[in-house]
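*Asks:* Provided herewith is a single structure, encoded as structure tokens, for subsequent inquiry.
Taken together, the values in this text are just the output of simple stated rules run on the coordinates, not laboratory data. All figures in this text were calculated on a predicted structure; none of them were measured in a lab. With ideal geometry, Cβ positions are generated from the backbone for all residues, glycine too; neighbour counts draw on all protein chains shown.
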Amino acid sequence: MAHPIPDAAALAEFAGRRAALSEAAGEAILLVPSAYVHLRNVDTSFPFFQESDFRYLCGFPEPDSLLVIDPLTRQSILFVPPKDPERELWDGLRFGSAGAKEFFGVDAAFDSDDLGKELPRLLQGRSVMYTPPPADHPLKAAIDSAVAAQAKGLVPDLRPATVARLRRFKSPRELGFMRRAAAISAAAHVAAMRAGRKATHEYQIEAAYCFSCLQAGARHQAYDAIVATGANACCLHYQDNNAPIAPGDLILIDAGCEVEGYASDITRTWPVSGRFTGPARELYSLCLQVQKDAIARLRPGIGMRQAHIATSRDLAEGLRQLGLLSGSVDEIMEKKQLSRFYPHGTSHHLGLDVHDVYRLPRDPKIDAPLEAGMVITVEPGLYVQSHDLLAPAAFRGIGVRIEDDILITADGHEILSAACPKEIAELESILQES
Ligand code: GLY
Ligand code: MN
Ligand code: MN
């Protein structure tokens, strides 16, 4: 069970993606290396995560592999780690070339030991589309020398951008994984809330969150959880998660597990006391209203940049009313004053990567409209740094962010993380009954 075997629906999706990629490649043979194991020290490695495009195109779960796609013959070939009883004793079973061919829907599979013999044969006289693997990829030397010796030439690697375009649209099968990831994370956020009032340190809240994910079978997080108390919430990618919690603090948790490699990404902010009061309540209420309005705007046709500008203007108006910014919204935006409190974007795509499809070529002049089947986050936040002496003292050191995962549908949107409470009354009731 360590590596489930893909079912027919999964194999059909992998094949369809390879066919779509082949259209873009023309006559050039595509080489797509897998990820490889990164040593942490001596013989201990960092957790292995498969390279997302490789996973998307064939689903093969092992490191040190190579997918070859020939758009002319429409054949796909895998090179995979050879069966090796000694290594399998330590690291677990390998599929080997026979298993790769039998279970992963490719036309042929070879042991990676045979790369030096088989790859030159496949590349003979052909153009090749690839980006040389990183220096410490175990197959780099064999791949690069086969290309250098046999290929007719290299053509620009269109694969990252082409696959990114495909990956923007999630199939029903992918959405099933994303719904499950969002549901598990939502329940884990609630578990964290329930543990929150008794916690003395951030890591105890993180423990409750992770316990809930693991109990539900989600062994991996899509990114390291951010569990930030008080002013730590103003550090956007805070990772220490070890600070003591003070009774009046807000806690910001930005955490999402993954299911079958598909990410969720949820942020909730709540008061350890069980009651939103004073400036924290004001900032939270503003962020919540703006976030709900931002989600309400989402439908096919709206651009992510257009949506970000609308959300930014709403935050600016709210901060103006709270006395944290002055002047008109136009002036605030023109003078870029909002970034003092809102230094990040409102949305990013979500999928196999938490910041998905980042290799999509971006033309700053074009605000590509959202389309049905895309999944993005909506995550406005407000951060008043402790050292911001221009801000009213009562607001300093408060950070709030609220983040949900949104599927764009033909007639609007669906909130995949809707099971995670965010209304003040809901949060207060969960916290107070804990
Ligand atoms: N967790 C990273 C982000 O929200 O973008
Ligand atoms: Mn996010
Ligand atoms: Mn997040």
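*Asks:* Using only the alpha-carbon atoms, how far is helix 8-25 inclined from the longest principal axis of the chain? Give it as 0 to 90 degrees, nearest 10.
*Replies:* So the helix axis and the longest Cα principal axis differ by about 80 degrees.
*Asks:* Give, to the nearest whole percent, the P(r) tail of the stretch 207-359 beyond 27 angstrom, counting all Cα pairs.
*Replies:* Within the stretch 207-359, distances greater than 27 Å cover 32 percent of Cα pairs.
*Asks:* Also, quick follow-up: Quick one: Debye curve from the alpha-carbon atoms of the stretch 43-126 only, equal weights, vacuum; give me log10 I(q)/I(0) at q = 0.12, 0.25, 0.27 Å⁻¹ to two decimals.
*Replies:* Scattering profile of the stretch 43-126, log10 relative to I(0): -0.37, -1.34, -1.46.
*Asks:* Between Ala394 and Gln432, what is 0.36 nm times their sequence separation minus the Cα-Cα distance? Round to one decimal in nm.
*Replies:* 11.2 nm
*Asks:* Give me Rg/Rg_expected for the stretch 27-92, where Rg uses Cα atoms only and Rg_expected = 2.2 N^0.38 Å with N residues.
*Replies:* My calculation over the Cα atoms of the stretch 27-92 gives 1.29.
*Asks:* Extent of the stretch 291-434 along each principal axis, from alpha carbon coordinates, in Å, largest to smallest?
*Replies:* So the extents along the principal axes, rounded to whole Å, are 47, 44, 25.
*Asks:* With 14 Å as the cut-off, how large is the P(r) tail for the stretch 243-302, expressed as percent of Cα-Cα pairs?
*Replies:* When every Cα pair of the stretch 243-302 is considered, 69 percent fall beyond 14 Å.
*Asks:* Label-point separation (nm) for Asp113 and Arg87, each offset 7 Å from Cα along Cα-to-Cβ?
*Replies:* In this crude label model, Asp113 to Arg87 measures out at 0.9 nm.
*Asks:* I'd like to know which of Phe60, Pro47, Ile266 lies farthest towards the positive end of the charge dipole of the chain, counting +1 on Cβ of Lys and Arg and -1 on Cβ of Asp and Glu.
*Replies:* Value computed over the given set: Ile266.
*Asks:* May I ask for the Kirkwood hydrodynamic radius of the chain, worked out over all distinct Cα pairs and given in angstroms to one decimal? If you can, show how the numbers build up before the last one.
*Replies:* Values: mean 1/r = 0.0423 Å⁻¹.
Averaging 1/r across every pair of different Cα atoms and inverting gives 23.7 Å.
*Asks:* Cα-based Rg of the stretch 134-205 per 2.2 N^0.38 Å, rounded to two decimals?
*Replies:* 2.04
*Asks:* Additional query: If you average the alpha carbon positions of the stretch 380-434 and of the stretch 86-153, how far apart do those two centres end up, in angstrom?
*Replies:* 47
*Asks:* Compute, for the chain, the length of the dipole vector about the Cα centre, with Cβ point charges of +1 (Lys, Arg) and -1 (Asp, Glu) only. Units Debye, rounded to 20.
*Replies:* That gives the chain a dipole magnitude of about 660 debye.
*Asks:* With axes computed from alpha carbons, what is the tilt in degrees of helix 304-322 against the longest principal axis of the chain, rounded to the nearest 10 within 0 to 90?
*Replies:* 20
*Asks:* Using only the alpha-carbon atoms, what does the stretch 1-52 span along each of its principal axes? Please give whole angstrom values in decreasing order.
*Replies:* Largest first, the stretch 1-52 extends 43, 29, 12 Å along its Cα principal axes.
*Asks:* For a Förster distance of 30 Å, can you work out the FRET efficiency between the beta-carbons of Thr44 and Phe211, rounded to the nearest 0.05?
*Replies:* It comes out at approximately 0.80.
*Asks:* Turning to a different aspect of this structure: Can you put Lys117, Lys140 in order, fewest other beta carbons within 10 Å first?
*Replies:* On the way: Lys117 11, Lys140 15.
Fewest-to-most ranking of Lys117, Lys140: Lys117, Lys140.
*Asks:* GNM, the chain, Cα, under 10 Å: largest mean-square fluctuation among Glu202, Glu88, Glu27?
*Replies:* Comparing Glu202, Glu88, Glu27 in the GNM, the peak value goes to Glu88.
*Asks:* Please provide three numbers in whole Å: the alpha-carbon extents of the stretch 74-214 along the principal axes, with the largest listed first.
*Replies:* 67, 41, 31
*Asks:* Let me ask another. With a 10 Å Cβ neighbour count serving as the proxy for reagent exposure, in which order, fewest first, do Asp107, Asp405 appear?
*Replies:* Numbers: Asp107 13, Asp405 27.
Ordered by Cβ neighbours within 10 Å, fewest first: Asp107, Asp405.
*Asks:* If neighbour count is taken as other Cβ atoms inside 10 Å, put Ser22, Ser171, Ser185 in order from fewest to most.
*Replies:* Listing Ser22, Ser171, Ser185 from fewest to most nearby Cβ atoms yields Ser171, Ser22, Ser185.
*Asks:* Could you tell me the calculated FRET efficiency between His201 and His237, based on Cβ-Cβ distance and R0 = 22 angstrom, to the nearest 0.05?
*Replies:* On the way: r = 19 Å, r/R0 = 0.88.
E between His201 and His237, to the nearest 0.05, is 0.70.
*Asks:* Helix 202-215 against the longest principal axis of the chain: what's the angle in degrees, Cα atoms only, rounded to the nearest 10?
*Replies:* 50
*Asks:* Out of residues 5 or more away from Gln75 or on other chains, whose amide H comes under 5 Å of its own, with H placed 1.01 Å from N in the peptide plane?
*Replies:* Under 5 Å from the amide H of Gln75: Asp70.
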